[in-house]
Amino acid sequence: MEELDPLLHSQLRLAIMSILLSAREADFVYLKEKTESTAGNLSVQIDKLTTAGYIEKMTDSSGAKPRTICRMTPIGRDAMQKYVEALKTYFSGL
Amino acid sequence: MEEKNITEKESLELITQMIQQTKDNLPIGSGTTFLIWGYTSVIIGCLVWILQLLNFGNSAAWIYVLLPFIGCLLSILYNRKPKEGIAENYSTYMINSIWKLVSYSFIIAAIIIVYFIIFHKQAHTIIFFVLGLLLPGIGTAVTGLALKEKSAVVGGFLGITFGIAAMEMYILNSTLTIDWHLGFAASYAIMMVIPGHLINDKAKKQNNGRT
């Protein structure tokens with residue numbers, strides 16, 4: 001069995017990454033609603049994923065209030081692919 | 001949800017659940033832009049046809065100049081997005097990119113025609129008529145393919161066909177008959193009005209099913 005990426009093997013971070021896997025980009029409020037998390041916790045986890053280079057953060061200032069938009073990077077996509085591949089090995093015997 | 005380690009089974013369930021929640025559901029009102037441009041084009045095409053029947057001559061065709069302005073204005077008014085809580089999926093991104101390309105092509109065509117009018121004192125403004133069927137036809141067909149909406153694929157293809165036929169007719173006869181304006185209106189009814197309503201119905205059903 002392969003070792004799972006510890007950065008992804010956490011509920012909230014994995015939820016963020018899974019959303020960004022199917023959506024090209026999502027804003028902070030969308031991620032907060034879908035993950036049912038607190039703004040503070042979400043912000044911390046987004047920062048951790050950004051620091052790892054798994055996602056990128058952008059600010060959209062076109063509206064009255066600036067929006068934080070998150071998008072998965074190629075590194076993040078690669079990490080997710082490896083994570084899912086590793087996850088498969090845990091179920092291969094079933 | 002919080003930062004906590006989960007089991008492998010929970011991981012798999014979480015990934016599936018999040019992907020399911022973000023899947024490509026059509027937002028309500030997805031067909032509204034089609035309806036705006038479709039109805040505006042149908043009304044203007046019919047208006048030009050009626051005015052030409054009433055002997056207003058070719059100058060009536062200048063009413064088409066209003067089409068992009070009315071279309072853009074209504075699109076801005078009706079497509080006010082929610083300020084927050086937005087995710088863009090890949091289909092939406094592709095559709096938006098196609099329509100941007102269609103819009104830029106029109107702007108380029110307008111610049112070229114204005115250039116010829118100013119510096120060569122003549123231009124075949126009929127190109128707008130042809131492009132007005134050809135380019136939205138391509139955009140509609142691609143949108144239909146992305147949304148898996150057959151009426152838009154068929155409508156778009158018919159728009160392309162009418163555009164090519166109009167071009168051929170113009171090359172052969174150096175003019176288009178009055179009835180082509182009615183054909184223009186009919187093309188937009190098939191190409192945008194019908195798919196617009198069907199896409200809106202589809203979006204309503206998808207969103208009702210989700211709640």
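The values are calculated or read from the model by the stated rules, or taken from the named source; none is laboratory data. Just so it is clear, the model here is predicted, and its values are computed rather than measured. Glycine gets a Cβ as well: all are built from the backbone with ideal geometry, and neighbour counts include every protein chain shown. The accessibility values were calculated without ligands, DNA or RNA, using every heavy atom of the protein model including side chains. Shrake-Rupley method; radii C 1.70, N 1.55, O 1.52, S 1.80 Å.
Couple of notes before you dig in:
- Segment B:61-87, subset of a type outside the set (A, V, I, L, M, F, W, C), over 18 Å from B:Leu131 (Cβ atoms) and open to solvent by 40 Å² or more (accessible area, probe 1.4 Å), residue modelled with the highest pLDDT: B:Tyr78
- Test: residue in segment B:102-118 that is among the β-branched types (Val, Ile, Thr), without any contact (Cβ under 8 Å) to a residue 40 or more places away in the chain and assigned to a loop (DSSP other than H, G, I, E, B): no
- Scanning segment A:9-65 for residues being more than 7 Å from chain B (Cβ to nearest Cβ), touching a residue at least 40 places away in the same chain (Cβ under 8 Å) and assigned to a strand (DSSP E or B) gives a total of 0.
- Identity of the residue in segment A:66-85, touching a residue at least 60 places away in the same chain (Cβ under 8 Å) and at the interface with chain B (Cβ under 9 Å from one of its Cβ atoms), that ends up nearest to B:Asn89 (Cα to Cα): A:Met80
- Among the candidates B:Ile194, B:Ile171, B:Ile199, B:Ile190, the residue that is over 22 Å from the mean Cα position of the chain (by Cα) and either open to solvent by less than 60 Å² (accessible area, probe 1.4 Å) or aliphatic (A, V, I, L, M) (or both) is uniquely B:Ile171.
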